[in-house]
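Take a look at the structure set out below.
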Amino acid sequence: MKLVKYNQLDPIFPSTFGGFFDKFFNESLGEVNRKFSPAVDISEDDSQFELQVMVPGMKKQDFKVDLTDGRLTISGERKVEEKKEGKNFHSLESQFGAFSRVFYVPDNVQADKIEAVYEDGILKITLPKAEKKVNKALIEVK
């Protein structure tokens, strides 16, 4: 994982006054062929891993989830609605465009039992763990 300096105020308030005008006059509100990276929460318990991908405003058929050679790829595209009906947007902060996220899956995941459910703007992917095999033997002392 790489740590990158993050300026929380940058998207709203650029660091310079000139940057504010550049942002206001030069950003294209019609730019829809962007890529974005949705937020993903990953949790684990004794029986499974769970990924929660935050992608509101999509439909379940907009996603592609693929597991190949231990790599779980989640991809899709969120499209802009073309209904304008007299609206003039002054700011458009919603993220649109294609996305793809890749995660390496541990060996103890049961690939044939992975499930994905999209509900309330969250894509939940459950990766069940294989049961641990305990090699236990009673050895007789002679």
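The values are calculated or read from the model by the stated rules, or taken from the named source; none is laboratory data. Small disclaimer: the values here were computed from a predicted structure and weren't measured. Positions of Cβ are generated from backbone atoms using ideal geometry, with glycine treated the same way; all protein chains shown enter the neighbour counts. The area values use the complete protein model at the heavy-atom level, side chains included, leaving out ligands, DNA and RNA. Shrake-Rupley method; radii C 1.70, N 1.55, O 1.52, S 1.80 Å.
Restricting to region 58-97, name every residue that is open to solvent by less than 100 Å² (accessible area, probe 1.4 Å), farther than 25 Å from ASP112 by Cβ, at pLDDT 85 or above and out of contact with any helix residue (DSSP H, G or I) (no Cβ under 7 Å at 6 or more places or on another chain).
MET58
If I go through region 41-89 residue by residue, how many of them are among the polar types (S, T, N, Q) and under 19 Å from PHE99 (Cα atoms)?
Of region 41-89, the ones among the polar types (S, T, N, Q) are 43, 47-48, 52, 61, 68, 73, 75, 88.
Within this subset, residues satisfying the condition of being under 19 Å from PHE99 (Cα atoms) are 52, 61, 68, 73, 75.
Matching residues across region 41-89 total 5.
Residues that are free of Cβ contacts under 8 Å to residues at least 60 places away in the same chain: find the strands (runs of 3 or more DSSP E) completely inside region 62-142 holding 1 or more of those. So that I can check it myself, show each step before the final result.
Working: elements: 63-68, 71-78, 97-104, 115-119, 122-128.
Of the strands (runs of 3 or more DSSP E) lying wholly inside region 62-142, those with at least 1 residues that are free of Cβ contacts under 8 Å to residues at least 60 places away in the same chain span 63-68, 71-78, 97-104, 115-119.
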